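Working notes, structure below.
The values are calculated or read from the model by the stated rules, or taken from the named source; none is laboratory data. Just so we're clear, the structure is a prediction, and the values are computed from it rather than from any experiment. In this analysis, Cβ positions are derived from the backbone assuming ideal geometry, glycine residues included, and neighbour counts consider all displayed protein chains.
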Amino acid sequence: MPVGPKSRGVSVDDCQPHFPAPAPGTPAALALVAQPLTREAFAAFGDVIESAHARSMPINAGMTTRFHDLARVDPGPGDSRVLVNIFETQPYAMPLQVGMLERHPLGSQAFVPMDGSRFLVVVAPAGDTVRVEDIRAFVTDGRQGVNYARGVWHHPLVVTQQPASFVVIDRGGAGPNCDEILVPPACVVRVSLAG
């Protein structure tokens, strides 16, 4: 079921919702079980930020290991710049009912946990519409971050157990960089954790 976005120019994440009408044939419910996050499974949506299997090298007289080039940060065109932020987030109740998704059409957005918290990643492919049946869900292992590619639809940050802090690498600059869609009330998307 395709739905289309509402776009706004934002300097801080103040996306505005859009209520699309369900298309004929839209499933009444979609139940997803979040799968373990892997580079291969997430490749269509961006980068998994983790040290496992990453290119590495010793630096600082061998006292530090550098895991190199883990994500493609994309601040977009024009006068844009990279922002480094800290987000502190509260846990959601599970199973998560997906009511909306957002995207950042002008740049990538990365989330890296500061305290080893596992988090839920709910995504849909980039494009002008979202098909509810294309929504995917992953769960991190607490040592992974994600970098959403420009335009990838995603749920806002979801932790499930306790409040958590994240380093967020985002785009700053002029231009509308936040589109938000609401999942039609007639279609229920619920995500649960495996096990």
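Just one residue in the set ARG190, ARG143, ARG150 is charged (D, E, K, R) and in a strand (DSSP E or B); that residue is ARG190. Within the stretch 91-107, the residues that satisfy the criterion of being under 18 Å from ALA34 (Cβ atoms), among the aliphatic types (A, V, I, L, M) and in a loop (DSSP other than H, G, I, E, B) are ALA93, MET94. You will find that of ASP115, ASP74, the residue that is surrounded by fewer than 14 Cβ atoms within 10 Å (Cβ to Cβ) and part of a loop (DSSP other than H, G, I, E, B) is ASP115 and no other.
In the set (1) among the small types (Gly, Ala, Ser); (2) surrounded by 13 or more Cβ atoms within 10 Å (Cβ to Cβ); (3) modelled with pLDDT of 95 or more, ALA43 fails one condition alone, (2). Working only within the stretch 52-71, note down all residues that are closer than 25 Å to ARG171 by Cβ and in a loop (DSSP other than H, G, I, E, B). Residues satisfying the conditions are ALA54, HIS68, ASP69, LEU70, ALA71. List every residue pair whose Cβ atoms lie under 6 Å apart, where the two residues are 6 or more positions apart in sequence or sit on different chains, the first residue falls within the stretch 30-41 and is under 17 Å from TYR148 (Cβ atoms) and free of Cβ contacts under 8 Å to residues at least 60 places away in the same chain, and the second residue, located anywhere, is buried (at least 17 other Cβ atoms within 10 Å of the Cβ) and not aromatic (Phe, Trp, Tyr). Listed by first residue and then by second, the contacts come to ARG39/VAL48. Every condition in (1) over 20 Å from ARG171 (Cα atoms); (2) surrounded by fewer than 13 Cβ atoms within 10 Å (Cβ to Cβ) is met by ARG131 except one, and the failing one is (2). Where residues in the stretch 93-104 are buried (at least 18 other Cβ atoms within 10 Å of the Cβ) and of a type outside the set (Asp, Glu), which of them is farthest from ALA126 (Cα to Cα)? Only one residue tops the list, namely LEU96. Among the residues of the stretch 66-95, just one is of a type in the set (Ser, Thr, Tyr) and either within 25 Å of ALA44 (Cα to Cα) or free of Cβ contacts under 8 Å to residues at least 12 places away in the same chain (or both), namely SER80.
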